[in-house]
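Have a look at the structure below before the remarks.
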DNA sequence: AGCACGCCGACT
DNA sequence: GTCGGCGTGCTC
């Protein structure tokens, strides 16, 4: 059936389709005719197969809109088939993917690959047969915080930095707070998304929700699930809620029905950085989604990052007053060399070990093993770090538990022991640790990174939050303003100071960065165009023909800079290609907001 | 990815 | 004139 010029097409006869292709030049909507036989199943959100005539093949895609007319030049092809009538791409998620891609000169289908799980035919068949599960209301008294969130408040907040008891087990204060907020949002009939950095944090949050009134409403989405479980949760999220969707960074894209608020724990944690193009962090996606949907947003963190503080200072986020409670931090005395453990710290560890576990935070996995070895748990090491070695030797007979990437411990039993953990792997102790020893601060601060000071403060603060009330937290070998901040717990003052420094230097988060890399002949003209939009070149690296130029620009110029970069990438996509025997030239690439400059 | 088209040099 | 190589641009 052909639609001759002038003939009125049947209503809903044209479908707009986003193609599943990483090519920037295919990153727009394509119009296709809907054959009458497929008219019942073609709806926004379904997966389809469509012809791409030039290549003489078909492409996968999603219908994002259905209409009566097309502005496309030439005549339209027919949709080849509907892969499945199950709606998997919610309109809200499509809009979000588009915005996330646009912010960083990326391709929307790259975002969709993160946001929509792979199809599981068996799951979808079962879904069609069984229908959506029954929605059950959540019976609870919503807190004032939840009430504010569902009306669209945007908040930056610090949690109570100590472990709390929830249903007979111990979780971080942050997990209890996020669980309470999510329960309240669900009790108001709205869905909540809670995104946390890693699997351990997710388990803690799940535990905090498991015995509460929203336990039946929890949908977990994370990488440890099978593809079938992931798709089931994805489909369930779209049914009438309320749902509490919990997960890692991809959860921020969940198609949660009637979304009331997005809650993000520890937005500055590197696990929130997406390693796939266009590399959007949980925080940036959450900010875009909040803006599009008007839902609430809560960014809860052990510390205040300069990035979030900037949003507070420009008035985008409200700053919720910090809880009065703070850990008992002991700084090293000035007269003790930084390489030695002060005698007061020795005494504190000895005293604490009489009553409960002591957490020792170290920088690297090897250091944890060294403490254990020195404590006589195994033959002595050859190159034991000095302080670590000393520590282990000082408490012979005390059980030592190592917690690092290889030895994963979510929580430990009560009772005296030394728990030596690399930063980020610290187990929860029931009731909290009797003392916390932050051993490797100097080495952590020596790392070269734009974010070292913020990272160290966050790692220390997170470990300090595992201490029991009144338990001492000893920072070894570090002075200066980061140490002082830990002791005074003036976390927002620290963030203000960081931000002021970055404003003076014109570095992130005061400005945004983009890195353009590829052959000089492609990079040079694009950089010139970005500069014309107000960007400024701040660094250039050149390794045999491949250059990488870093530019900075103001947030206000962001959308223009990204649009120009995208146009450049489209042009470069059709640049000269040598015949197969010749090696392909390095492609032109633009990466927005690289975590580290240059 | 792979195909069409058009610009330009070389030949009848 | 016109054949054809190859670089460019397009794919609803």
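The number of residues in the stretch A:85-110 that are surrounded by 19 or more Cβ atoms within 10 Å (Cβ to Cβ) and farther than 30 Å from residue A:568 by Cβ comes to 3. Determine if the stretch A:358-374 includes at least one residue that is touching a helix residue (DSSP H, G or I) at 6+ places or on another chain (Cβ under 9 Å), in a loop (DSSP other than H, G, I, E, B) and at pLDDT 80 or above. Checked the stretch A:358-374: at least one residue is touching a helix residue (DSSP H, G or I) at 6+ places or on another chain (Cβ under 9 Å), in a loop (DSSP other than H, G, I, E, B) and at pLDDT 80 or above. Among the numbered conditions (1) surrounded by fewer than 15 Cβ atoms within 10 Å (Cβ to Cβ); (2) within 16 Å of DNA strand C (Cβ to nearest atom); (3) at pLDDT 95 or above, the only one that residue A:139 does not meet is (2). When A:526, A:588 are checked against the criterion of being crowded, with 20+ Cβ neighbours inside 10 Å, within 16 Å of DNA strand B (Cβ to nearest atom) and at pLDDT below 95, a single residue qualifies: A:588.
Sub-7 Å Cβ pairs linking a first residue in the stretch A:380-403 that is assigned by TED's automatic domain parsing to the domain that holds residue A:476 to a second residue that is modelled with pLDDT under 55, at least 6 apart or interchain, are A:396/A:376; A:400/A:377, ordered by first then second residue. Condition first: part of a helix (DSSP H, G or I) and within 25 Å of residue A:504 (Cα to Cα). Now tell me which residues in the stretch A:534-571 satisfy that. A:555, A:556, A:557, A:558, A:559, A:560, A:561, A:562, listed by residue number.
In the stretch A:314-323, is there at least one residue being crowded, with 20+ Cβ neighbours inside 10 Å, touching a strand residue (DSSP E or B) at 6+ places or on another chain (Cβ under 6 Å) and in contact (Cβ under 8 Å) with a residue 24 or more places away in the chain? Yes, the stretch A:314-323 contains a residue that is crowded, with 20+ Cβ neighbours inside 10 Å, touching a strand residue (DSSP E or B) at 6+ places or on another chain (Cβ under 6 Å) and in contact (Cβ under 8 Å) with a residue 24 or more places away in the chain.
Going through the stretch A:52-69 one residue at a time, which ones are more than 6 Å from DNA strand C (Cβ to nearest atom) and surrounded by fewer than 19 Cβ atoms within 10 Å (Cβ to Cβ)?
A:56, A:57, A:58, A:59, A:60, A:65, A:66, A:67, A:68, A:69
Of all the listed residues (A:219, A:235), the sole one being closer than 21 Å to residue A:266 by Cα and touching a strand residue (DSSP E or B) at 6+ places or on another chain (Cβ under 8 Å) is A:219. Of the residues making up the stretch A:235-265, those that are in a loop (DSSP other than H, G, I, E, B), surrounded by fewer than 24 Cβ atoms within 10 Å (Cβ to Cβ) and at negative phi number 4. Taken as a whole, the structure leaves residue A:77 outside the set of residues that are surrounded by fewer than 18 Cβ atoms within 10 Å (Cβ to Cβ), within 12 Å of DNA strand C (Cβ to nearest atom) and under 30 Å from residue A:226 (Cβ atoms). Within the stretch A:11-42, if we keep just the residues that are surrounded by fewer than 16 Cβ atoms within 10 Å (Cβ to Cβ) and not in a loop (DSSP other than H, G, I, E, B), the residue that is nearest to DNA strand C (Cβ to nearest atom) turns out to be A:25.
Which of the helices (runs of 4 or more DSSP H) contained wholly in the stretch A:408-507 include at least 3 residues that are in the same structural domain as residue A:334 (by TED's automatic domain parsing) and at pLDDT 95 or above? Give the derivation first.
Details: elements: A:441-446, A:452-464, A:480-488, A:491-505.
Because the criterion is at least 3 residues that are in the same structural domain as residue A:334 (by TED's automatic domain parsing) and at pLDDT 95 or above, the helices (runs of 4 or more DSSP H) in the stretch A:408-507 that meet it are A:452-464, A:480-488.
Take the residues in the stretch A:313-324 that are modelled with pLDDT of 95 or more and not in a strand (DSSP E or B); name whichever of them is nearest to residue A:498 (Cα to Cα). Going through the qualifying residues, I end up with A:313. Applying the set (1) surrounded by fewer than 24 Cβ atoms within 10 Å (Cβ to Cβ); (2) part of a helix (DSSP H, G or I); (3) in contact with a helix residue (DSSP H, G or I) (Cβ under 9 Å, 6 or more places away or on another chain) to residue A:203 leaves exactly one unmet item: (3).
State whether the residues of the stretch A:170-192 include one that is modelled with pLDDT of 95 or more, over 26 Å from residue A:467 (Cα atoms) and in a strand (DSSP E or B). Scanning the stretch A:170-192 turns up at least one residue that is modelled with pLDDT of 95 or more, over 26 Å from residue A:467 (Cα atoms) and in a strand (DSSP E or B). Taken as a whole, the structure places residue A:45 among residues that are surrounded by 15 or more Cβ atoms within 10 Å (Cβ to Cβ) and in contact with a strand residue (DSSP E or B) (Cβ under 6 Å, 6 or more places away or on another chain).
The values are calculated or read from the model by the stated rules, or taken from the named source; none is laboratory data. Bear in mind the structure is a predicted one, so any value in this text is a computation, not a measurement. All Cβ positions, even for glycine, are placed from backbone atoms using ideal geometry, and neighbour counts span all protein chains on display.
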